[in-house]
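Bear in mind these aren't lab numbers, they're just calculated from the coordinates by the rules spelled out. Fair warning: this is a prediction, and the values are worked out from it, not measured in the lab. Positions of Cβ are generated from backbone atoms using ideal geometry, with glycine treated the same way; all protein chains shown enter the neighbour counts.
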């Protein structure tokens, strides 16, 4: 994420976002599936970690968690969870090869510009160890738009998302789709896809 307006909104609303999304994260069946797919004590990246609710659950499961987010406010909250190493970073700072047993990218890459999405997925594929698990959460739709509070979103249909994942070298193995309410109060169709690397 590199859009200054989106980052500023997350800085200002970090605690609101944490409160609104905690229950959803804790009930997310795909998080449990992702944890089960990672080796005991494995290294995982929580990309676009937000307030670190997922990071905390990953750490509680015994995984070694690096949590990154472009928002300093979110990183501050994420770093308060035991067992979580949090640092500020954008998607452009994804680097390295064969570093992680799993990468959890829950509803963060929807803020990446469409032109950058394939490049970010390719960088994540390189950073994932062979046979590792990759999870991505997105809002389904078409086009690009700012929501009611000014955050920039890029939307994909399910079919387009699957094509992007396969083109990047991921193999989708499971998915869930539910309706959820965003920080701006609007409802959206949410999809989470878990892939083999």
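Tabulated results
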| read-out | value |
| --- | --- |
| Rule-of-thumb Rg ratio for the stretch 114-186 [Cα; 2.2 N^0.38 Å; N residues] | 1.22 |
| Order of 25, 84, 44, 178 - criterion: other Cβ atoms within 10 Å of each residue's Cβ, fewest first | 178, 25, 84, 44 |
| Dimensions (Å) - the stretch 58-155, Cα atoms, principal axes, largest first | 38, 31, 21 |
| Difference of contour (0.36 nm per residue) and Cα-Cα distance, residue 115 to residue 20 | 31.2 nm |
| Computed over the stretch 4-196, Cα set: Rg, Dmax in Å | 15.1, 41 |
| Kirkwood-type radius of the stretch 97-136, with distances r between different C-alpha atoms, in Å | 10.4 Å |
| Inter-label distance for residue 36 and residue 12, nm, one decimal - labels placed 7 Å from Cα along Cα-to-Cβ | 4.2 nm |
| Theoretical FRET efficiency, 1/(1+(r/R0)^6), r = Cβ-Cβ of residue 27 and residue 92, R0 25 Å, to 0.05 | 0.20 |
| Average Cα contact separation per residue, the stretch 78-197, under 8 Å, 6 or more apart, as relative contact order % | 25 percent |
| Distance (nanometres) between label positions extended 7 Å along Cα→Cβ at residue 149 and residue 186 | 1.3 nm |
